[in-house]
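Input: a single structure, listed below in structure tokens.
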Amino acid sequence: MVQAYILIQAQVGKAHSVATAIAQINGVTLAEDVTGPYDVIARIEAENVDELGKLVIARIQEVPGITRTLTCTVVKV
């Protein structure tokens with residue numbers, strides 16, 4: 001299992017609707033609107049890195065109101 005945090009910038013006034021929409025996507029374990037340089041932070045999980053990438057590109061980045069994402073893969077040492 002691969003996990004990552006997705007840091008999301010959204011259009012002004014869209015953070016809550018973006019977080020709500022993302023929370024409904026299969027593979028998203030948490031999505032919250034936050035303050036700071038990013039508007040939404042989501043935690044996601046997938047079977048492998050390829051599936052993680054597909055989840056971000058094909059599902060999350062397609063949510064209306066998102067302007068930019070940054071993926072931070074969880075490293076387990």
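The values are calculated or read from the model by the stated rules, or taken from the named source; none is laboratory data. Quick caveat, the model's predicted, so the values are computed rather than measured. Glycine also receives a Cβ, built like all others from the backbone with ideal geometry; neighbour counts cover every protein chain displayed. To get the accessible areas, we keep the full protein, side chains included, count just its heavy atoms, and leave off ligands, DNA and RNA. Shrake-Rupley method; radii C 1.70, N 1.55, O 1.52, S 1.80 Å.
What number of residues within segment 40-50 are over 22 Å from A15 (Cβ atoms) and surrounded by 13 or more Cβ atoms within 10 Å (Cβ to Cβ)? Matching residues across segment 40-50 total 2.
Would you please name the residue that is farthest from G65 (Cα to Cα), looking only at residues in segment 32-52 that are among the acidic types (D, E) and part of a loop (DSSP other than H, G, I, E, B)?
First, pick out the residues of segment 32-52 that are among the acidic types (D, E): 32-33, 39, 45, 47, 50-51.
Those still in the list that are part of a loop (DSSP other than H, G, I, E, B) too: 39, 47.
Working: D39: 11, E47: 27 Å.
The residue in question is E47.
The set of residues in segment 1-26 that are open to solvent by less than 70 Å² (accessible area, probe 1.4 Å) and of a type in the set (V, I, T) comprises V2, I6, I8, V18, T20, I22, I25. Condition test on T29, is it touching a strand residue (DSSP E or B) at 6+ places or on another chain (Cβ under 7 Å), part of a strand (DSSP E or B), open to solvent by less than 50 Å² (accessible area, probe 1.4 Å) and in contact (Cβ under 8 Å) with a residue 12 or more places away in the chain? The answer is no for T29.
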